[in-house]
Amino acid sequence: MNDDKRKELETLRVEVRLLRQQNKKLEEACETILTRNLMLSDHMDAYYEVRRRVEWLKELVRKHRELMQQADLRDDSELLAIIETRLETENIPIPPEFGLKDVAELVGTTQTRIVELYKKNTIYHSVDNYLNFLRLTRALRLLHEQQEYSIEAIAHEAGFNTVRTLNRKIQEVLGMTPRQFRDLAHPDE
């Protein structure tokens, strides 16, 4: 072989090596893009699952309101409306120790009447279940609206004893942690 052909052959070998390296880099980039797309697909699935659960919660609240409107005794309906108005609309703090006694004092009636009222006329069947529902609702709202708040601060603000209790309640209802709920509510951040 003459020198020109050897140089040309060596040049071709170098080009083939470079093309192989470039091909390997392209394969790695494609794998990275594919992995990222799969992750995005998983995030979208989780987002739609949360939306489905939120719609379910809205339906549950709507049914609750219907039940409240259909209460047999007008006095009971009015009393429940007063309790709801005071606790939900006026946004009265509901610390962990807030309970049956406090609700009775809030509306000026006996604890026995409140127990019977919730047992017979609500989907919650007890004041504690209703108060936990309110705490959970507040926590979800804070997780969505107050991104700068820590999970611990939200647990305290919503009226839970511990972050663990908040985690457990959200896990029971939504099947995810508070952090996961926040991440789904604000995926761009």
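A few remarks follow.
- Förster radius 41 Å - calculated FRET efficiency between Asp42 and Glu90, Cβ distance, rounded to 0.05: 0.50
- For the chain, the longest principal axis of the alpha carbon atoms and the long axis of helix 111-121 meet at an angle near 60°.
- Two-site FRET efficiency, Glu31 against Gln180, from Cβ-Cβ distance with R₀ of 25 Å, rounded to 0.05: 0.45
- Once the Cα-Cα distance is subtracted from the 0.36 nm per residue extended length, the Lys5 to Ser150 segment shows a gain of 45.1 nm.
- Sparsely packed loop sites in segment 97-181 (the chymotrypsin sites (Phe, Trp or Tyr not before Pro) outside DSSP H, G, I, E and B with at most 16 other Cβ atoms within 10 Å) comprise Tyr124, Tyr149.
- Positive dipole terminus of segment 71-185, leading residue within Ser126, Ala104, Val173 (C-beta point charges): Val173
- Its Cα centre serving as origin, the chain has a Cβ charge dipole (Lys and Arg +1, Asp and Glu -1) of approximately 520 debye.
Throughout, read-outs are computed from the coordinates displayed, never taken from laboratory work. In this text, all values refer to a predicted model and were calculated from it rather than measured experimentally. Virtual Cβ from ideal backbone geometry, glycine too; neighbours counted across all protein chains shown.
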